[in-house]
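The values are calculated or read from the model by the stated rules, or taken from the named source; none is laboratory data. Every value quoted in this text rests on a predicted model; they were computed, and no experiment measured them. Virtual Cβ from ideal backbone geometry, glycine too; neighbours counted across all protein chains shown. Please note that ligands, DNA and RNA were not included when accessible areas were found on the heavy atoms of the full protein model with its side chains. Shrake-Rupley method; radii C 1.70, N 1.55, O 1.52, S 1.80 Å.
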Amino acid sequence: MNIEQLSKRLETVFEYIPNQSTLADIGSDHAYLPCYAVLKGKVTYAIAGEVAEGPYQSAVNQVVDANLTKQIEVRKGDGLEVISSGEVSCVTIAGMGGTLIAKILEEGKSKLTSTMRLVLQPNIGSVNVRKWLQTNGWAIVNESILREDNHIYEVICADFQTTNALTEQELLMGPFLLKEKNEAFVQKWNEEKKQLHQILQSLDQAKETPEVREKKKKIVRDITLIEEGLK
Ligand code: SAM
């Protein structure tokens with residue numbers, strides 16, 4: 001992967017960025033996504049945000065090497081603190097866990113405005129991202145699931161608008177992904193189901209405490225939702 005050729009995962013994130021956007025890529029690391037998006041002419045100006053020194057330096061070097069310092073500013077900071085309210089029209093957060101993405105959105109929600117597009121790519125725990133979106137008035141307008149290098153990735157695209165509440169199953173598995181049920185989706189949820197059965201088996205051997213009972217109940221519920229979703 002480089003600034004001229006993104007991974008399939010980041011290419012999918014790129015596809016959901018609207019034309020002529022101003023972009024904040026939070027947790028940008030190597031800054032491949034903003035560099036690529038500016039070079040393709042889709043993004044007119046970008047901020048690459050990074051909290052860690054190593055990835056921050058790597059983003060700075062990449063932007064300088066690509067001769068894009070006029071169009072891309074690399075800023076060091078935690079989550080959305082690197083932007084001011086309304087500064088950009090699109091925010092991307094990719095390659096992190098869903099819990100961390102939801103935390104970044106929650107802590108920085110004063111920076112988000114109703115005209116923005118959010119493109120979020122949780123590596124795991126996408127249910128946490130969907131729950132945050134639903135609670136905060138963001139509607140999922142598209143989703144993708146894809147397999148690359150033995151991993152399955154989900155990409156969630158959201159706009160600020162009123163929408164019907166998602167069901168428990170849609171929150172877990174994705175409203176658009178459930179409709180499409182492609183190969184990656186079927187593989188992901190069959191694997192999850194297998195893992196949940198294994199956890200259930202080990203919990204069956206554990207001492208029956210109220211916490212264990214609650215955990216088992218939640219797993220049985222998730223297995224039922226997954227089985228229904230796979231039908
Ligand atoms: N977004 C790139 C991608 O998808 O290929 C890089 C993903 S990399 C695995 C995750 C990056 O997020 C790391 O460079 C990490 O330092 C950064 N990160 C984690 N938490 C962050 C936060 N709260 N604010 C900004 N960056 C963060």
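Using a Förster radius of 25 Å, what is the FRET efficiency between Glu87 and Asn136 based on their Cβ-Cβ separation? Nearest 0.05, please.
0.85
Based on Cβ point charges of +1 for Lys and Arg and -1 for Asp and Glu, what charge dipole magnitude is obtained for the chain about its Cα centre, in debye rounded to the nearest 20?
On the way: 27 positive and 32 negative charges, 97 e Å.
Here the size comes out at about 460 debye.
Which net charge results when you count Lys and Arg as +1 and Asp and Glu as -1 among the other residues whose beta-carbon is under 9 Å from that of Ala52? Write out the running numbers ahead of the final one.
Numbers: positive: Lys76; negative: Asp29, Glu50, Glu53.
Combined, the nearby Lys, Arg, Asp and Glu give -2.
Calculate the spin-label point distance for Glu208 paired with Glu192, positioning each point 7 Å from the Cα along the beta-carbon direction, and give it in nanometres.
Simple spin-label model gives 2.9 nm for this pair.
Taking region 184-230 as the region of interest, what is the percent of Cα-Cα pairs per 10 angstrom bin, listed from the shortest bin to the one with the maximum distance?
28, 49, 20, 3
How big is the accessible area of His197 in square angstrom, nearest 10, if you roll a 1.4 angstrom probe over the protein chains?
The accessible area comes out at roughly 80 Å².
What net charge is computed for the residues neighbouring Arg130, neighbours being all others with C-beta under 10 Å from the C-beta of Arg130, Lys and Arg scored +1, Asp and Glu -1?
-2
Any idea which of Val186, Ile83, Ala165 is furthest toward the positive side of the dipole for the chain, if Lys and Arg beta-carbons carry +1 and Asp and Glu beta-carbons -1?
Ala165
Computed FRET efficiency, Cβ-Cβ of Asp149 and Glu180, R0 25 Å: what is it to the nearest 0.05?
0.70
Rounded to the nearest 500, what is the 222 nm mean residue ellipticity of the chain from helices alone, with -39500 (n - 2.57) per DSSP H run of 4+ residues and division by all residues? Write down the numbers at each step before the final one.
Working: 9 runs with 105 residues, N = 231.
That comes out to -14000 deg cm²/dmol.
Debye sum, Cα scatterers, region 1-133, no solvent: what log₁₀ I/I(0) at q = 0.17, 0.23 1/Å?
Here the Debye-derived log intensity ratios amount to -0.82, -1.58.
Cut-off 14 Å, label point 7 angstrom out along Cα-to-Cβ of Arg75: give me the residues of region 87-121 whose amide nitrogen falls inside.
Backbone N within reach: 87-92, 108-113.
Taking a 24 Å limit on the Cα-Cα distance, which of the listed pairs Lys131/Lys218; Lys193/Lys231; Lys103/Lys216; Lys40/Lys70; Lys131/Lys215; Lys8/Lys188 fall beyond it?
Too far apart for the 24 Å limit: Lys103/Lys216.
Run the quick spin-label model on Asn67 and Lys217: label points 7 Å from Cα toward the beta carbon, then report their separation in nm to one decimal.
Distance between the two pseudo-spin positions: 6.4 nm.
What net charge do the residues around Pro18 carry, taking every other residue with its C-beta under 12 Å from that of Pro18, with Lys and Arg at +1 and Asp and Glu at -1?
Here the count lands on 0.
Mean-square fluctuation check for the chain, GNM, Cα pairs under 10 Å: which of Ser202, Ser144, Ser114 is largest?
Among Ser202, Ser144, Ser114, the largest mean-square fluctuation in the Gaussian network model of the chain belongs to Ser202.
Just to confirm, what accessible area per residue do you get for region 31-125 at 1.4 Å probe, in whole Å²?
In whole numbers, region 31-125 has 42 Å² accessible per residue.
Taking only protein heavy atoms into account and a 1.4 Å probe, give the accessible area per residue of region 184-230 in Å².
That works out to 68 Å² for each residue.
Give, rounded to the nearest 20 debye, the magnitude of the charge dipole that region 1-110 has about its Cα centre when Lys and Arg contribute +1 at Cβ and Asp and Glu contribute -1 at Cβ.
On the way: 9 positive and 14 negative charges, 52 e Å.
Using Cβ point charges on Lys, Arg, Asp and Glu, region 1-110 gives about 240 debye.
Calculate what fraction, in whole %, of the accessible area of the chain sits on carbon and sulfur atoms when a 1.4 Å probe is rolled over the protein chains.
Solvent-exposed carbon and sulfur of the chain make up 48 percent of the total.
From the mean inverse distance of alpha carbon pairs (Kirkwood) and the Cα radius of gyration, derive Rg over Rh for region 133-231.
When Rh is taken as the Kirkwood radius, the ratio is 1.04.
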